[in-house]
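Structure first, commentary second.
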Amino acid sequence: MESENLTRFAAEFLGPLPNYAAQQGFTLHALLQLNSVERAQAEEMLWQALLGGNTDTRVMMGLGELRSQRAAAVLKELLQGGQLLPHKVIQAALALWQIEQFSPALDYILKVLNQAQDYFLKVQAINALQHFAYREVEQVLRGMLHDEHAAVRSQAMRSILALYGLLTGIGWPPIVTDMMMDDPNTWQVAIAELDRLTAPLSLPPRPAQP
């Protein structure tokens, strides 16, 4: 018999998109509530879904969070097949990075970001980049701090803070919310504060690619 937590997980990851996700974005909360036995059962559910052709981003997100080694080969096939929609490319690449530090994952995400015309797609890519703590990624994100869309600017600021481990809790720091303002002078003040916070810190360069 399924536990209550596992039932909730299955509903959120394999059922219709939860109502809250449209307003707040989908979260991993239901997965994070599972114990070790339930996590193994959850991985099996997601693995079977993936094998059955389910490429919902929630499935890939869950497999990445669970570090599902057996999912890696299928996710690579999906990425390399070139048939995934851009938002699914982001999630498949991120999942592979979480599972095995798949080095081309960053390039897939950067390609989506560079080609994105939709600001929401940019936000998704920028959000994923917070998991790649390299100097080159910071430079890309800094280039987004003057984007015309407030959501892009604020997510870029948030992701830079995350790269440096400066993002704590679930709230939005003032310098992130400042990037949502219409006044470019407010952005500059926030960027100056970012510079102050990161000045004593450094990120490594991205390793040379084979």
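The values are calculated or read from the model by the stated rules, or taken from the named source; none is laboratory data. None of these values were measured; they are calculated from a predicted model. So basically every Cβ, Gly included, is an ideal-geometry build from the backbone, and we count neighbours across all protein chains shown.
Working only within region 117-133, note down all residues that are part of a helix (DSSP H, G or I) and either farther than 19 Å from Leu163 by Cβ or of a type in the set (Lys, Arg) (or both).
Answer for region 117-133, where residues must be part of a helix (DSSP H, G or I) and either farther than 19 Å from Leu163 by Cβ or of a type in the set (Lys, Arg) (or both): Tyr119, Phe120, Leu121, Lys122.
Among the residues of region 184-204, the ones that are closer than 16 Å to Ala133 by Cα and in contact with a His (Cβ under 9 Å, 6 or more places away or on another chain) come to 0 in all.
Matching residues to (1) more than 13 Å from Arg142 (Cα to Cα); (2) of a type in the set (A, V, I, L, M):
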site	(1), (2)
Trp172	yes, no
Ile175	yes, yes
Met179	no, yes
Asp183	yes, no
Ala190	no, yes
Arg196	yes, no
Pro207	yes, no
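Applying the criterion of being surrounded by 10 or more Cβ atoms within 10 Å (Cβ to Cβ) and among the acidic types (Asp, Glu) to the residues of region 155-194, the residue that is nearest to Ala125 (Cα to Cα) is Asp178. Within region 122-162, take every residue that is under 21 Å from Leu96 (Cβ atoms) and either among the polar types (S, T, N, Q) or modelled with pLDDT under 95 (or both) and give me the one that is farthest from the chain's Cα centre (by Cα). Across region 122-162, the extreme among qualifying residues is Ser159.
Can you name the residue in region 51-109 that is polar (S, T, N, Q) and closer than 19 Å to Val137 by Cα and, of all such residues, is surrounded by the fewest Cβ atoms within 10 Å (Cβ to Cβ)?
Filtering first and then ranking leaves Gln101.
Sub-7 Å Cβ pairs linking a first residue in region 25-50 that is modelled with pLDDT of 95 or more to a second residue that is β-branched (Val, Ile, Thr), at least 6 apart or interchain, are Leu46/Val59; Ala49/Val59; Leu50/Val59; Leu50/Val74, ordered by first then second residue. Does Pro210 count as at pLDDT 95 or above and assigned to a loop (DSSP other than H, G, I, E, B)? No; evaluated as a whole, the condition is false for this residue. Helices (runs of 4 or more DSSP H) fully within region 63-116 that include at least 1 residues being under 17 Å from Leu46 (Cβ atoms): 72-81, 86-100.
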